[in-house]
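The values are calculated or read from the model by the stated rules, or taken from the named source; none is laboratory data. Bear in mind that the values here come from a model prediction, so they are computed numbers and not experimental data. Neighbour counts run over all protein chains shown; Cβ positions are idealised from the backbone, glycine included.
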Amino acid sequence: MHNPQTQDLLNWYDANSRAFPWRARANRTPNPYHVWLSEMMLQQTTTTAVVPYFERFLALWPTVHDLARASLDEVLHAWQGLGYYARARYLHACAKKLCDEYGGEFPREENQLRTLPGIGPYTAAAIASIAFNKKATPVDGNIIRVMSRLFGIETFYPQSLPEIRRHAGQLTSEMRPGDFAQALMDLGSTVCTSKAPKCQACPWQCACLAFKSGHAGELPRKLAKKPLPVRYAMVFWLVHEDGCVILNRRSEKGLLGGMMEFPSTPWQEQSWTLKNALPYAPIDVTWSLLDPVVSHTFTHFHLELSLLKGISHTKPLGTLWDFPQNFPRYAFPTVMKKVAQAAQTHGFF
Ligand code: SF4
């Protein structure tokens, strides 16, 4: 049974959805290759700019197998003018990996999608929901704006992100998650615009707290004009078979100097793939990517931590371990306390 607001948005979408070459027509099955290609191109780029590139790529490489057979140079060349060339490299690497390891089929689950080159939390949720109708909620700038207004969220962004994610997740349709995601994107782009939202045309006007209070134009509240940069890392949650968890003491110098932490990759501005993260693993075991993403905002950046879980049968010399019940003895910074909390909430110990 849909939440009434969910149904209102889907009804609006049925009548107002935008047509794009990557979108499946009503009652047609979406093509995962088209969905992935478009989502990669749309990062930091407008739909208008993407359309000719998307059509050119499909003409050159109609399937993911064709793209995987292309040389990186060819792909970079076709990408020229679209900017952010790392996306083109990821695109090519991802196509090759899909063909080498998945027979050219996209995995359907967010967790698996996030192990592929260039696919971070947003893109994984977009592909899972739009291509495979899995219940997932991609949260981008449009959705942040719409949720902040609908629920009258006064908390400053990006601290508001967990609240926004929770609301968006609760509204996401069980039956039509892909349509719901695309409906939110369309609503944010055409009706709930940053400047002068067209509230009279909005299916959520009756429920919208920002509309009721007349503050729509002021939300979402931002900490600063320039958004904080986002850094990403993967945390290695390594449990010994006796129940101890591996710990690490940070270097004395630098941020959180000398404090305890769970080992992680460097905190960098590009999102991580499992393959890129593994060289930083404390021990060579099998790692699985887990659902929770822990967010924390420092003064100068926002940090998004993904969790990898592994089981160890050994405690190599020089490594530090302890039982979770002893964690209160250690000086963990807040961000690491959040990691431990997420791990406990999800039953990792
Ligand atoms: Fe946005 Fe206005 Fe709709 Fe509220 S009523 S969600 S502010 S367009």
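Just a few scattered comments:
- Residue match in region 176-184 (condition: of a type in the set (Lys, Arg) and either in contact (Cβ under 8 Å) with a residue 12 or more places away in the chain or closer than 16 Å to Thr137 by Cβ (or both)): yes
- Helices (runs of 4 or more DSSP H) within region 116-184 that include 1 or more residues touching a Pro at 6+ places or on another chain (Cβ under 8 Å) and of a type in the set (Phe, Trp, Tyr): 121-132
- Selection of region 75-113 for residues being at pLDDT below 95 and hydroxyl-bearing (Ser, Thr, Tyr) yields Tyr84, Tyr85, Tyr90.
- The set of residues in region 200-236 being in contact with a helix residue (DSSP H, G or I) (Cβ under 9 Å, 6 or more places away or on another chain) and polar (S, T, N, Q) consists of Gln205 alone.
- Residue in region 304-314 that is free of Cβ contacts under 8 Å to residues at least 12 places away in the same chain and not β-branched (Val, Ile, Thr) present: no
- Residue in region 255-266 that is in a strand (DSSP E or B), over 13 Å from Phe236 (Cα atoms) and touching a helix residue (DSSP H, G or I) at 6+ places or on another chain (Cβ under 8 Å) present: yes
- In region 181-205, residue nearest to the ligand (Cβ to nearest atom) [restricted to those that are within 27 Å of Ala24 (Cβ to Cβ) and of a type in the set (A, V, I, L, M)]: Val191
- Selection over region 206-242 of residues that are away from the ligand (no atom under 16 Å from the Cβ), exposed (fewer than 12 other Cβ atoms within 10 Å of the Cβ) and either in contact (Cβ under 8 Å) with a residue 40 or more places away in the chain or more than 24 Å from the chain's Cα centre (by Cα) (or both) gives a count of 3.
- Region 312-349, subset within 19 Å of Asn111 (Cβ to Cβ) and not hydrophobic (A, V, I, L, M, F, W, C), residue surrounded by the most Cβ atoms within 10 Å (Cβ to Cβ): His346
- Evaluation of Lys309 against (1) basic (Lys, Arg); (2) farther than 19 Å from Met336 by Cα; (3) surrounded by 15 or more Cβ atoms within 10 Å (Cβ to Cβ) (one fails), failing number: (2)
- Test result for Glu154, surrounded by fewer than 19 Cβ atoms within 10 Å (Cβ to Cβ) and either within 15 Å of the ligand (Cβ to nearest atom) or without any contact (Cβ under 8 Å) to a residue 24 or more places away in the chain (or both): yes
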